[in-house]
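See below for the structure under consideration.
The values are calculated or read from the model by the stated rules, or taken from the named source; none is laboratory data. Note that this is a predicted model, so its numbers are computed, not measured. Every residue, glycine among them, receives a Cβ derived from its backbone with ideal geometry; neighbour counts consider all protein chains shown.
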Protein chains: 2
Amino acid sequence: MLLYDSPVSGNCYKVRLLLAHLGIPYERRTVDVVDRSNRRELLGELNPSLRVPTLVLDDGRPLGESNAILCYFGEGTLFVPADKYERAQMFQWLFYEQYELEPALAVLRFWDTYSGRPDGLSGERREELTKAGHRVLATLDRHLRDREFLVGDGLTLADISLYAYTHVAHEGGWDVDGYPAVRTWLNRVAAEPGHVPIDA
Amino acid sequence: MLLYDSPVSGNCYKVRLLLAHLGIPYERRTVDVVDRSNRRELLGELNPSLRVPTLVLDDGRPLGESNAILCYFGEGTLFVPADKYERAQMFQWLFYEQYELEPALAVLRFWDTYSGRPDGLSGERREELTKAGHRVLATLDRHLRDREFLVGDGLTLADISLYAYTHVAHEGGWDVDGYPAVRTWLNRVAAEPGHVPIDA
């Protein structure tokens, strides 16, 4: 199995984190996330959105979208709740992650820390993303105040997915210590047996 | 069952379209999508993201995120492929929809047609979204050129989800006739038995 990967992308890290938890071996091929000029050549036949992660299964069939890859490998494991309503709540957080969390936390982090052009983002847009990130962190903090995990009482795909960019929020300028329930949850997810860091 | 709804929101329409296909009855409560001042009061206990659609099940338990609601009701029906890989492809399109399609098509459409302030979007941002919309339509066109539906050979949650904003792309200024495979697919989805229009 082959993962088109970026070592710094939280979206790729999600997939590596779940595969580590499941003990599934795979090969990694690093794709440049700054110079995207060869994307069509590299991923054109594999992923309509030309993004990483793109996974190629042993039989050659490709899969894109980080959270869809999580769903594929998570099915039938402890990381997907057996209860139908809890499963829907897990999906709710996965879609929230791609719609609200990633577009704020990942984008500002990319510009600030990985683009090579920390000034590439203009004032108003930067301010907008900073606010959006705080809104996301406040939403998570409220939700996690009386919970150990995002859904039910154990680690699910939702925690794995939302952990990826939240645990590096400081690289986009957010201080998670202002959100104590989020901080506690991050520590809890990182302490799970089988956990691997983003730079593993 | 109660749906916090907006008659013009594509995200809400997805849910109404699936429930129509499944023949599941529900009540609708319209929520203002321009004046959002009462969102916390209305949805604070129901949906961490304070957005519509928010669905309240008969037993009072809430669900948010349009595509998560589709997953909840689609499970075990013909609209979710029985094959594991096809199911993952369906998820791939659902996440693509929230990450790339909706943020382009829905946002420009909202400003142009429903915000009451068609000039509310500045030049550069407008241009960016127009381009992003064309990129999405071209991606769909390529994918649909030799396919009848997005995944497998029948209507799935992916078609229901992506149809919602694509079929009203003209309200954001895109001409779908420039993407003939998309046009054919839109007609095919609309011709399915059980289909209802957005203003039903």
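A:TYR13: aromatic (Phe, Trp, Tyr) and either under 30 Å from A:PRO118 (Cα atoms) or in contact with a Leu (Cβ under 6 Å, 6 or more places away or on another chain) (or both), yes or no?
Answer is yes for this residue.
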Inside the range A:141-180, the number of residues satisfying the requirement of being closer than 15 Å to A:ASN11 by Cβ and part of a loop (DSSP other than H, G, I, E, B) is 2
Listed by range, helices (runs of 4 or more DSSP H) wholly within the range B:18-112 having at least 3 residues that are in contact with an Asp or Glu (Cβ under 7 Å, 6 or more places away or on another chain) are B:84-96
Within the range A:101-148, the residues that are in contact with a Pro (Cβ under 9 Å, 6 or more places away or on another chain), among the hydrophobic types (A, V, I, L, M, F, W, C) and closer than 22 Å to A:ASP35 by Cα are A:TRP111
Here the residues within the range B:90-108 that are acidic (Asp, Glu), in contact (Cβ under 8 Å) with a residue 40 or more places away in the chain and either facing chain A (nearest Cβ under 7 Å) or touching a Gly at 6+ places or on another chain (Cβ under 9 Å) (or both) are B:GLU102
All conditions in (1) under 23 Å from B:ALA138 (Cα atoms); (2) touching a residue at least 40 places away in the same chain (Cβ under 8 Å); (3) touching a Lys or Arg at 6+ places or on another chain (Cβ under 9 Å) are true of A:LEU46 except (3)
Of the candidates B:ALA138, B:ALA181, the one satisfying the condition of being surrounded by fewer than 15 Cβ atoms within 10 Å (Cβ to Cβ), under 30 Å from B:ALA82 (Cα atoms) and not assigned by TED's automatic domain parsing to the domain that holds B:ALA20 is B:ALA138
inquiry  = Checking the structure you have, find out if any residue of the range B:36-52 is at the interface with another protein chain (Cβ under 10 Å from one of its Cβ atoms), closer than 30 Å to B:VAL176 by Cα and crowded, with 16+ Cβ neighbours inside 10 Å.
reply    = yes
### Task
Say whether the condition of being surrounded by 15 or more Cβ atoms within 10 Å (Cβ to Cβ), more than 16 Å from A:GLN89 (Cα to Cα) and of a type in the set (S, T, N, Q) is met by at least one residue in the range B:11-31.
yes
Scanning the range A:71-89 for residues that are at the interface with chain B (Cβ under 8 Å from one of its Cβ atoms) and aliphatic (A, V, I, L, M) gives A:ALA88
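Please find, within the range B:113-140, the residue that is farthest from the other protein chains (Cβ to nearest Cβ) out of those that are within 13 Å of B:SER9 (Cα to Cα) and part of a helix (DSSP H, G or I).
Let us first name the residues in the range B:113-140 that are within 13 Å of B:SER9 (Cα to Cα), namely B:113-115.
Cutting the leftovers down to part of a helix (DSSP H, G or I) gives us B:113-114.
Working: B:THR113: 21, B:TYR114: 19 Å.
My answer is B:THR113.
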Residues in the range B:53-67 that are charged (D, E, K, R) and surrounded by 13 or more Cβ atoms within 10 Å (Cβ to Cβ) total 1
Inside the range A:122-139, the number of residues satisfying the requirement of being hydrophobic (A, V, I, L, M, F, W, C) and over 22 Å from the mean Cα position of the chain (by Cα) is 0
If we keep only residues of the range B:141-178 that are small (Gly, Ala, Ser) and under 24 Å from B:PRO81 (Cα atoms), then the residue surrounded by the most Cβ atoms within 10 Å (Cβ to Cβ) is B:SER161
